[in-house]
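Rule-based calculations on the coordinates, nothing more; no lab input. Since this is a predicted model, take the numbers as computed values, not measurements. Cβ placement follows ideal geometry from the backbone for every residue including glycine, while neighbour counts extend to all protein chains displayed.
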Amino acid sequence: MSTTSHNLAAPGTPGRVCGTTGLHVCFDAQRFIKLNAVSGIVFLLLGGIAALLLALTRWQTVHLLPVDWFYRILTFHGLNMLIFWILFFEVAILYFACTTPLNARLYSKKVAWLSFALMLVGALMTDYIILKGQADVMMTSYLPLLAHPVFYLGIILVAVGTLIGVFNFFATLYVAKRDKAYTGSMPIVTFGALAAAIIAVVTLLHGAVVMIPTFTYSMGWTAEPDPIWYRLIWWGLGHQSQQVNVCAMVSVWYLLTHIVLGSRPINEAVCRSAFVLYILFINLASAHHLLVDPAVGATWKIWNTSYAMYLAVLASMVHGFTVPAGVEVAMREKGYTSGIFGWVTALPWKNPAFSGTALSVVIFGFLGGITGVTLGTQQINIIAHNTLRIPGHFHVTVVGGTTLAFMALAYYVIPLIFQRDFIWRGLARVQPWLFGLGITLLAFGMSFAGSMGVSRRSYDIDAQGVYGPAAHLWLGVLGIGGVLAFLSLLIFVVLCVGTLFFGQKIEGRPMADWGTPRALAGTTPGSLAHDHYATKGTMVLTLVFLACFVVYYFANWKALADVWPVR
Amino acid sequence: MSLRPLTAPWFHGPAGHEKIWLGCAILWCFVMSLMMPYWHFRGKQNSTGEAYTVKPADFLARTEKFVAANRVGTYKHPGNALLGEVPVVEPPPGGDAYLIGRMWQWYPALRLRQGETYRIHLSALDLQHGFSLQPLNMNFQAVPGYDHVLTLTPTSKGEFTIVCNEFCGIGHSSMTGKIFVE
């Protein structure tokens, strides 16, 4: 392998030129993008079916599942959604980001096979033992709760498989540079993927540190690890893995706004610095989950919560500005210049990749970001810890944010990589909107029920005799939102799988256009490259965002001030 | 371009609108990071994480001693067979109280006086449990092996329910306890 060049343009390198973008596609990368993406979507469907059952159980009026199956399916849902679906899809994104944009060939097919096989076997082992009823421990498996050893072994295999895939990514970056596949600096999409990959390594090492001794304990070989130590290190895995998602999602935002609208980062240096902030300061986020724990002190909690002055939050606020700003500049350069928001109304809202991206930005930022920072404030966590407010937060980050962005990406990945045009395109145009609506309702239901003290991971709220009709109403909203989101997820899976079998083949010709705004007559691309005051609309939108943030943040301090004094 | 390598120089400092937004964002992050230390000095609700290691058996023994010395009555959970009866215990004002989380009850029930401050020792005997005081919605973690001390001052009267909000097995959702404030 080392004798052949990893430059895709070199003669004899197995690849093709894309009929839509004119970019080189590596055949090896293409195969593993397909395998990982399809596996991811299968796990998404499994996790989605579980989600429907859970939503219909927490909807107290329906209360579908029996108690043991509720906790079993909850464990299953967490792992399939948060770990398997996301990791498989992220490996696909990494393989794309290190090959096509750099004009490079994937480092190794064998390594990619090994990674894929380990991940798949591990995921199947874990799912099997959960459904067999021998691992009713939730995704977090807090000690002294103990699952069957196969549960931990499966997770370890998935983690090792992912690490091997990440290694393949790094190795490809190296050989691309060595074989001069590209000159200059790597594009922002690859840079964001690199940030995700670096955080993934740190995350998965935490996973190894916590899961291996837990596995040996479950086998009876070693003593029980300390439960607080377990919580600390486990969240080094659990929370940081969400930052991998954030990095991958933000890269997808840059990728899709570029593909659909031709937008570019308004300032490469600032956008890249923001990714570096994620790498440097996200590692401390484990503390979010220990804010009302014993044995970790207040100073430690405060320092780690604010990630040294919230520098990772700053990074998200930077991307939250530069992504819409890039869109605004691109649209104004195309000639859509009327007023402050003329460019917004001219955006291709019927293009599912664009609407998915835009909804992902809004849901992630306005709902996920604001709630996340507020709930992760050390003292405010007292009125939020382990209530439904917590899943209310992370369903709008991971699902409304990351999953929706990945769905949006699929509307281009399937035509460009699988080379088939989507079937039922009208249905596809509705899908992101329905998903966004469902997830938003679900998250509102969870958050408001949580504010009334309803706990997460609880089968029943009637036994305690403390929750009134309002809490029941919000659980109903949760249920309806869950049903809508599931319907949309099902439409997505049917569209994707249906397209793989029945979509029209597009080899050698451009894919069917989802809808992109044309440049008006007399406009030139890049005409606003040096106008730093061209983003009035984005400025207004981000200031509205900041105002919402401030109001929500201080409203929570007020709510905290109303409870009993405690130290 | 976002998808092709950059060949022209790309390192520029922020300018214009971007610079304004960056300034706003940094200022806001600064305010948020100051709020937490500020609240430790001026606010009344803080989690200090004060805790001591303790063997579950020792914690149970301390709790039983506390119950025997300060018991004032019995509480029978209406319609909750899992919980049965628990002693009601009134710690001396300003004194220590012990509270156990175990599958699936909070033991014992506490009677407290409004405006007095108590040191509540919170721990779990078997699995982790979540202390969730309703309808106030105050939440703390109970972990086996750790005596988690909450210095608590009830400021409102009435009957309060402790719900368990950390998953602890099949009976988790029926695990409750009581705090009465007079």
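Annotations for the structure displayed:
- Separation of alpha-carbon centers, the stretch B:27-97 and the stretch A:327-395, rounded to whole Å: 39
- Assuming charge only on the beta carbon of Lys and Arg (+1) and of Asp and Glu (-1), the dipole of the stretch A:259-344 about its Cα centre is about 100 debye to the nearest 20.
- Over the stretch A:318-382, volume per residue of the alpha carbon convex hull, in Å³: 97
- Summed residue charge, Cβ within 15 Å of A:PHE418's Cβ, Lys/Arg positive, Asp/Glu negative: +4
- Ranked by how many other beta carbons lie within 10 Å on average, peptides A:129-140, A:94-105, A:256-267, A:460-471 from highest: A:94-105, A:256-267, A:129-140, A:460-471
- Both the radius of gyration and Dmax for the stretch A:1-126 are 19.5, 66 Å, in that order, over alpha-carbon atoms.
- Stokes-Einstein translational diffusion, the stretch A:52-208 - Kirkwood Rh over all Cα pairs, 0.890 mPa s, 25 °C, in µm²/s: 143
- By the beta-carbon count within 10 Å of each Cβ, the least crowded to most crowded order of A:LYS334, B:LYS19, fewest first, is B:LYS19, A:LYS334.
- Gap separating the Cα centres of the stretch A:138-171 and the stretch A:493-507, nearest whole Å: 32
- Extreme residue, positive dipole direction of the protein assembly as shown, given options A:ALA97, A:PRO144, B:GLY23 (C-beta unit charges): A:ALA97
- Shielding by partners, peptide B:35-45 (average Cβ within 10 angstrom, other chains): 6
- Shape index of the stretch A:280-437: Rg/Rh, with Rg the Cα radius of gyration and Rh the Kirkwood radius from the inverse mean 1/r over Cα pairs, equals 1.07.
- Using C-alpha pairs under 8 Å with a sequence gap of at least 6, the mean separation divided by the residue count of the stretch A:391-470 gives a relative contact order of 42 percent.
- Point-to-point label distance, A:LYS132-A:LYS110, nm (Cα→Cβ direction, 7 Å offset): 3.3
- Residues B:GLU85 and A:THR523, FRET efficiency given R0 of 60 Å [Cβ-Cβ distance, rounded to 0.05]: 0.15
- Once C-alpha pairs closer than 8 Å and six or more residues apart are averaged by separation and normalised to the residue number of the stretch B:40-182, the relative contact order reads 24 percent.
- Rounded to the nearest 20, the Cβ-based charge dipole of the stretch B:42-117 about its Cα centre (Lys and Arg +1, Asp and Glu -1) stands at 120 debye.
- Summarising the amide proton neighbourhood of A:ALA104: residues at separation of 5 or more, or on other chains, whose placed amide H is nearer than 5 Å comprise A:LEU8.
- Distances between every pair of Cα atoms in the stretch B:1-132, grouped in 10 Å steps from 0 to the bin holding the largest one, split as 9, 25, 22, 12, 10, 10, 9, 3, 0 percent.
- Rg/Rh for the stretch A:478-558 (Cα atoms only, Rh after Kirkwood) is 1.17.
- 3J(HN,Hα) along the stretch A:228-244, derived from phi through the Karplus expression 6.51 cos²θ - 1.76 cosθ + 1.60 where θ = phi - 60°, amounts to 6, 4, 4, 4, 4, 6, 4, 6, x, 7, x, 7, 5, 4, 6, 6, 4 Hz, with x in place of Gly and Pro.
- Dividing the Cα radius of gyration of the stretch B:83-168 by 2.2 N^0.38 Å, with N the residue count, gives 1.02.
- Note: relative contact order over chain A, using C-alpha pairs below 8 Å and six or more positions apart, is 16 percent.
- Choice from B:MET138, B:MET36, B:MET103 with maximal GNM fluctuation in chain B (Cα, 10 Å cutoff): B:MET36
- At 1.567 mPa s and 4 °C, Stokes diffusion of the stretch A:122-181 via Kirkwood alpha-carbon radius, µm² per second: 97
- 0 to 90° range, to nearest 10: angle between helix B:56-70 axis and chain B longest Cα axis: 50
- When each of the peptides A:214-226, A:149-161, A:502-514 is scored by the mean number of other C-beta atoms lying within 10 Å of its residues, the order from highest to lowest reads A:149-161, A:214-226, A:502-514.
- Using alpha-carbon coordinates, inclination of helix B:16-42 to the longest axis of chain B, degrees: 20
- A simple packing score, the average count of other Cβ atoms within 10 Å per residue, orders the peptides B:46-53, A:438-445 as A:438-445, B:46-53, with the highest score first.
- Whole-Å distance, taken between Cα centres, linking the stretch A:96-118 and the stretch A:175-206: 12
- Computed over the stretch A:435-495, the ratio Rg/Rh where both radii use C-alpha atoms and Rh is Kirkwood: 1.08
- Degrees separating the helix A:469-502 axis from the principal Cα axis of chain A, which is the longest one: 30
- Inter-chain Cβ neighbour average for residues A:226-239, partner chain, 10 Å: 2
- If you bin all the Cα-Cα distances of chain A at 20 Å, starting from zero, the percentages per bin are 21, 57, 21, 1.
- Extension gain for the segment A:PHE554 to A:ALA9, taken as residue separation times 0.36 nm less the Cα-Cα distance, is 190.6 nm to one decimal.
- Taking 19 Å as the straight-line reach from the Cα of A:LYS505, the lysines in range (excluding those fewer than 8 positions away in the same chain) are A:LYS34.
- Extension gain for A:ALA547 to A:PHE27 (0.36 nm times residue separation, less C-alpha to C-alpha distance): 182.4 nm.
- Mean shadow area of the stretch A:373-412 over all directions, Cα convex hull, nm²: 2.9
- Exposure proxy ranking, count of Cβ atoms within 10 Å, fewest first, for A:LEU546, A:LEU143, A:LEU194: A:LEU546, A:LEU194, A:LEU143
- Given A:LYS132/B:LYS178; A:LYS558/B:LYS157; A:LYS301/B:LYS157, the pairs whose alpha carbons are separated by over 26 Å: A:LYS132/B:LYS178; A:LYS301/B:LYS157
- Net charge over other residues, Cβ less than 14 angstrom from the Cβ of A:PHE191 (K, R count +1; D, E count -1): +3
- For the segment A:316-322, counting C-beta atoms of other chains within 10 Å of every residue's C-beta and taking the mean gives 4.
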